Each structure stands twice: as structure tokens, then as C-alpha cells.
1. Any residue in region 21-43 that is exposed (fewer than 13 other Cβ atoms within 10 Å of the Cβ) sitting within a Cβ distance under 6 Å of a residue that is aliphatic (A, V, I, L, M) and not in a loop (DSSP other than H, G, I, E, B)? List the pairs, counting only those 6 or more apart or interchain.
2. Considering only residues that are away from the ligand (no atom under 16 Å from the Cβ), of a type outside the set (Gly, Ala, Ser) and either farther than 20 Å from Ala182 by Cβ or crowded, with 16+ Cβ neighbours inside 10 Å (or both), which ones fall in region 85-111?
3. Please go through region 146-189 and pick out each residue that is farther than 22 Å from Gly6 by Cα and surrounded by 14 or more Cβ atoms within 10 Å (Cβ to Cβ).
4. Within region 1-28, track down each residue that is touching a helix residue (DSSP H, G or I) at 6+ places or on another chain (Cβ under 6 Å) and among the hydrophobic types (A, V, I, L, M, F, W, C).
5. Select from region 166-188 the residues that are closer than 22 Å to Arg20 by Cβ and over 15 Å from the mean Cα position of the chain (by Cα) and list them in ascending order.
6. What do you reckon, is Gly114 within 12 Å of the ligand (Cβ to nearest atom) and surrounded by fewer than 17 Cβ atoms within 10 Å (Cβ to Cβ)?
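Only the coordinates and a few stated rules stand behind these numbers; no lab work does. Everything numeric in this text was worked out from a predicted model, so none of it was measured. Here the Cβ positions follow ideal geometry from the backbone for every residue, glycine too, while neighbour counts run over all protein chains shown.
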Amino acid sequence: MGSGKGSNFQAVMEQIVNGRLNAEVRIVISDVNHSGILSLAHDFQVPGLYIQPGRFRTRIEPEIETDIVRLLFGAEVELVVLAGFMRIVKEPLLSAFPRKIINIHPSLLPKFPGLEAWKQALAAGEKVTGCTVHYVDATVDAGEILGQETVPILPGDTPESLHGRIQLAEHQLLPAVIAGIAERSPRPA
Ligand code: GRF
């Protein structure tokens, strides 16, 4: 699930296509019509769906989350990956996929949860930041950490240059964490 340009989705697909990640993307869901992630889904011939999020700004309307759960179950999804999904996941999605939803966040959590974490790290005068993949639960950006990658903050870095460098690290970390989960998951015979 994503709201943005979809570079993390692309990184995952590239690892699948080149045989380094033994997984399959069954469905891409976006709360933003015509988002980059949906056009990439189309390019990779993965079903992509725009879901109107409803009347709230930071979450999906519960009735619509119910529809999403139905779609994910229908697609026999085993792991939900939030890759730049800009809404807080709530019920019923959380209970439908316990410890089966992961998110990529652009900081070394627990430092700098929330929006534009790279800007927060820069403003705080950090020398090092990075990215984190974590389980999604009822907390915001505080679920169990599955993996982290550090990224140096260089003199003269702008928010854009730093975010770009963090994204390169994300593109390594997210497929690697998914690969680890896939290896640990029992497969039907
Ligand atoms: C990433 O920086 C991710 O950490 C944040 O949103 C951004 C998504 O980028 N949650 P993309 O859409 O995968 O290019």
C-alpha cells in the first residue's frame, strides 16, 4: 500500500524480477488516484487499485478499511507492506493481519517518528540517520523493529539530498526484510 511515487515498490519488484526475492506482489492499493505507485504497478503488470479513503485526512474510513481487508484476503495476501502509505492504519485492518503488516520509515526509530523524519534529523543536528522497517500496530511508528540501515548526514545536506540518500538505503532494506520474513514463513507443501 502506498500513496507516493512508489520507489520502494519498484525496488521490491526489481528484486523479485531478478530472482533475489522469493515473493509475489498480489495487489497494490493506493489512497491517491494516479499516484506513481499505481502507474508502476501497471508497468509491472501487478493489479493496482485506487481506494477512495473517505472523509478523514490521516486515516481510512473504517468501512473502507473493511473493503480493503476483503480485497487483501481475496488476493490471499500473507504480508501487507506499507511503502510510503501516508495514512494511519487502524481497525479492522490491524486485527485482520496481526504481525503481518510492515512499514518503512525514513529515520532510525525510535528517533524521529512522524512526518518528514529526515527534516527532523537535519534540524536536530544529527550526524547519522537512516531508515527502519517495523511491524505496524496500534502505535504510530513504534511497532517492533525488523531492520535498520544507517545513513550519514553530510555537511551541506539539504532535506532533498538527505531524503534521496535515505531512499537509496530504503531500497536495500525493505526487500531484504521481506526476504527474511519469506524465509521464516512456513510454506504450504
Ligand atoms: C519513503 O521515504 C518512506 O520511508 C516514507 O515515504 C517514502 C515513500 O517513498 N514512509 P516511495 O513512494 O516508496 O518512493
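1. That search, which allows pairs on different chains as well, returns Asn22/Ala182.
2. Lys90, Glu91, Pro92, Leu93, Leu94, Phe97, Lys100
3. Those that are farther than 22 Å from Gly6 by Cα and surrounded by 14 or more Cβ atoms within 10 Å (Cβ to Cβ): Ile153, Asp157.
4. Matches in region 1-28: Phe9, Ala11, Val12, Leu21, Ala23, Val28.
5. Scanning region 166-188 gives Gly180, Ala182, Glu183, Arg184, Ser185, Pro186, Arg187.
6. The answer is yes for Gly114.
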